[in-house]
Amino acid sequence: MMEGGVQMDPVDQEQPRGKGSRVFTILFLIVIVLVVLGAATLFQRRTQYQALAKETETLAIPTVAVFHATVESSEEDLVLPGAMQAYVESPIYARTNGYLRKWYHDIGSRVRQGELLADIDTPEVDQQLSQARADLNTAQANANLSKITAVRYQELIKTDGVSKQEVDNAVGDLEAKEASVKSSEANVRRLEDLESFKHIYAPFSGVITRRSVDTGTLINAGNGGATQQLFSLAQTDPIRAYISVPEAYAASIRAGLGAFLELTQYPGQKFEGKVVRTAESIDLGTRTLLTEVDVPNHAGALLPGGYAQAHLQVKVTGARLAVPVNALLFRSEGLRAVVVDANHKTHLKSLTIGRDYGTTLEVLQGLDPNDWIVLNPADSLEEGQEVHVKEIALNRPPGQLAPAPQSNPAPGATKQ
């Protein structure tokens, strides 16, 4: 090819074209790489956003600890707390005024009925009794003189020695003097009885549980305050135990029912007794039946005011569950428990409570042994709310509750 009189080689013509093609290819590759990197970055960010949204959604669903309620024995005695009291207990007061001369028995002393407990010095009553006896002698002397006069006048009227009026006056005076004698005699007996109260005797056999006075204490008659009480006497054989039986078991309680007491200070020892009476009425405040159990206490091991576990020999049957108190919700509509179904949805169930064991409660109605119950449920939990579950094992006090039956865990539940 000729150009400007100079002939060009075909190879030289293709060199610029090949160089431009290579540049275009490189630029195209760079664009492709940038597009791929941009797409990868966008995909990575989208994946991160989705993961973050999923994590946020997961964290928004609360995780709750769940457990199965324990099943109580299908047949056992009715065990309830009881308060022991003396069979007879009485404060002893003075019936006369004076000063305490001497006391003969202190707290813990066992006395028999009629035994002397204390003496009171009563100088005023003694002087009043002496005056009353002197007044009685005067009245008797006047009555005797009136009697002589009346008899004499009744003899003289037969001879018309006195008038009828004089005889009537003498007889009337005699009757008045005899009435005065009776009044004086009654006053003497009153003061003698009052003076006899200077000796304080035990009204029944028992043990002195309190002595509130000492020698020289001023004694005022009556029970006008705690300071006037001299002694407190209690009969502790037999001893009474009062038990509040829940209304659900009230129909099974009757007089003559066997019972025994257990005390922590006497492990393994049973104090046999029986039910002697009930209140025959349900207490409106506690919905319980007050029941009295009498237990022989010859050795004095049972003390008034003590606490005991009372076993009433009523065979309690039926399915009964026990749950810890921290598994319950106290709502305005009543006591509730939160259970989780197979779809991890919560449900609030109403409960009927039986006995109170302190840390656990007996549930008569409302729960099933296979229910997953939420432990320490939050007040914010509502009906139908989705939750994550984590199974836990509760420690059961030995000998109190039977182990729960094995059941399949809820889907997705983990054990701890």
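For beta carbons closer than 8 Å, sequence separation of 6+ or different chains, a first residue in the stretch 250-269 that is touching a residue at least 60 places away in the same chain (Cβ under 8 Å) and within 15 Å of residue 302 (Cα to Cα) and a second that is of a type in the set (A, V, I, L, M) and surrounded by 11 or more Cβ atoms within 10 Å (Cβ to Cβ), the qualifying pairs are 261/84; 261/241; 261/293; 261/295; 261/302; 261/308; 261/310. For residues that are aromatic (Phe, Trp, Tyr) and touching a Gly at 6+ places or on another chain (Cβ under 7 Å), scanning just the stretch 235-264, find the one that is nearest to residue 281 (Cα to Cα). By that ranking, first place goes to 242.
Residue count for the stretch 352-388 under the criterion of being touching a Leu at 6+ places or on another chain (Cβ under 9 Å) and assigned to a strand (DSSP E or B): the result is 13. Report whether or not residue 195 is among the charged types (D, E, K, R), touching an Asp or Glu at 6+ places or on another chain (Cβ under 7 Å), more than 30 Å from residue 311 (Cα to Cα) and surrounded by 14 or more Cβ atoms within 10 Å (Cβ to Cβ). Judged against the criteria, residue 195 is a match.
List the strands (runs of 3 or more DSSP E) that sit entirely inside the stretch 296-351 and contain at least 3 residues that are touching a Phe, Trp or Tyr at 6+ places or on another chain (Cβ under 6 Å).
No strands (runs of 3 or more DSSP E) qualify here.
Within the stretch 239-262, is even one residue over 20 Å from the mean Cα position of the chain (by Cα), part of a loop (DSSP other than H, G, I, E, B), closer than 30 Å to residue 211 by Cβ and not β-branched (Val, Ile, Thr)? No, the stretch 239-262 contains no residue that is over 20 Å from the mean Cα position of the chain (by Cα), part of a loop (DSSP other than H, G, I, E, B), closer than 30 Å to residue 211 by Cβ and not β-branched (Val, Ile, Thr).
Condition check ((1) crowded, with 16+ Cβ neighbours inside 10 Å; (2) more than 30 Å from residue 258 (Cβ to Cβ); (3) among the aromatic types (Phe, Trp, Tyr); (4) modelled with pLDDT under 85) across all residues:
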residue: 289; (1), (2), (3), (4): yes, no, no, no
residue: 300; (1), (2), (3), (4): no, no, no, no
residue: 319; (1), (2), (3), (4): no, no, no, yes
residue: 331; (1), (2), (3), (4): no, yes, no, yes
residue: 356; (1), (2), (3), (4): no, no, no, yes
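The values are calculated or read from the model by the stated rules, or taken from the named source; none is laboratory data. Quick caveat: nothing in here was measured; it's all calculated off a predicted structure. When we count neighbours, we look across all protein chains shown, and the Cβ atoms used for this are built from the backbone with ideal geometry, even at glycine.
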